[in-house]
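**Student:** Attaching a single structure in structure tokens format; questions to follow.
The values are calculated or read from the model by the stated rules, or taken from the named source; none is laboratory data. The shown structure was predicted, so the numbers you read here are calculated from the model rather than taken from an experiment. Neighbour counts run over all protein chains shown; Cβ positions are idealised from the backbone, glycine included. Surface accessibility is based on the protein's heavy atoms, side chains included, excluding ligands, DNA and RNA. Shrake-Rupley method; radii C 1.70, N 1.55, O 1.52, S 1.80 Å.
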Amino acid sequence: MRHAARVAPLIALFALLSVTGVTTAAETRTECGAYVDYLAPDPGTATPGSITFGFNGTPEVIAADAILSPATQAALPNLQGGAPTGLAVTTDAGEITALDFVASCTVTGAVALVPDAFGPGQDGYFVDDRIAAPLAVLTGNAGLTTLFTVPAANGKSLSLTFDIDVASGIPGSFTATTSAAGAVTLLGPDILVDGAMVGDAPLLGEVIDPASGALLTQAAAAGLTVQVGIAGLGSIPVLGGPVTVTIALSVTINATTPPATPTPAPLPNTSAPNATSSPATAVIFLGFGGLLFLLVVGLSQRRC
């Protein structure tokens with residue numbers, strides 16, 4: 001009885017620790033890209049806020065007493081729905097308890113062309129519901145056009161890594177990678193001017209360097225397919241203006257698979273001077289000798 005009395009409180013304490021331990025684990029993740037519907041929390045009135053990551057995401061509650069850095073408090077109301085940014089998001093018990101900008105973040109996903117995304121007749125490209133690029137922004141910008149139209153045309157993903165100013169949340173530069181693959185079709189006599197199709201993806205002449213152009217032309221002439229790696233380096237002006245993008249290509253021609261060389265059948269060995277005749281062969285020779293003997297005897301009897 002004394003042993004049971006000592007064990008019972010320990011069991012109760014263990015159960016209490018197990019239950020409370022499940023609900024107090026905080027987690028921090030990085031969110032990258034655009035956000036919408038931001039509502040700042042108000043600790044003075046104990047009013048929670050909210051934020052939606054992505055253009056069509058699910059709203060998340062920001063706790064009334066969440067810790068927001070001074071930079072996020074100042075910038076979040078004005079950045080929503082605009083330039084991509086990066087946020088360190090800490091959650092606990094299903095609510096956001098802290099927000100702060102991060103120096104770098106990455107968005108990777110499929111690229112889709114959405115009709116009328118920005119109004120009637122104003123189409124645009126979206127990357128994983130986090131990055132939006134209106135067609136009007138791409139017009140006349142060969143670098144940006146390549147980064148969005150190529151993966152959209154051939155079903156490849158686009159990866160964008162942004163360098164973020166943590167004091168303002170505004171991106172200053174980015175790197176991008178995507179690819180194209182398939183047969184090459186030249187779109188004119190000068191590939192550096194007219195461009196080429198790689199599979200279903202268009203490569204503008206402005207982004208094709210002479211070395212890559214020579215390889216693409218070679219593949220087109222030989223009827224071979226290629227793999228094209230596309231790397232972009234972009235600069236985003238802080239005060240507005242066009243985004244500048246430099247494109248670098250890496251072209252690999254896929255060699256054809258050589259046909260299988262037929263293996264010749266082994267020739268019969270006819271050089272066997274010491275070979276011993278088989279019984280069947282001996283019977284054949286004996287039979288032939290017997291017939292020859294009877295034929296000679298028959299001719300002799302007719303002469304007699």
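**Student:** Beta carbons within 10 angstrom, averaged per residue: use that to sort the peptides 181-194, 154-167, highest first.
**Tutor:** Per-residue Cβ counts within 10 Å, averaged per peptide and sorted highest first, yield 154-167, 181-194.
**Student:** At 1.4 Å probe size, with every protein chain present, just tell me what the per residue accessible area of the stretch 177-261 comes to in Å².
**Tutor:** 54
**Student:** Run the accessible area of the stretch 91-199 with a 1.4 Å probe and give the carbon-and-sulfur part as a rounded percent. Don't skip to the answer; put the middle values down first.
**Tutor:** Values: 2630 of 4640 Å².
Summing carbon and sulfur atoms, their accessible area is 57 percent of the total for the stretch 91-199.
**Student:** With every protein chain present, what is the per residue accessible area of the stretch 18-106 (1.4 Å probe, Å²)?
**Tutor:** 50
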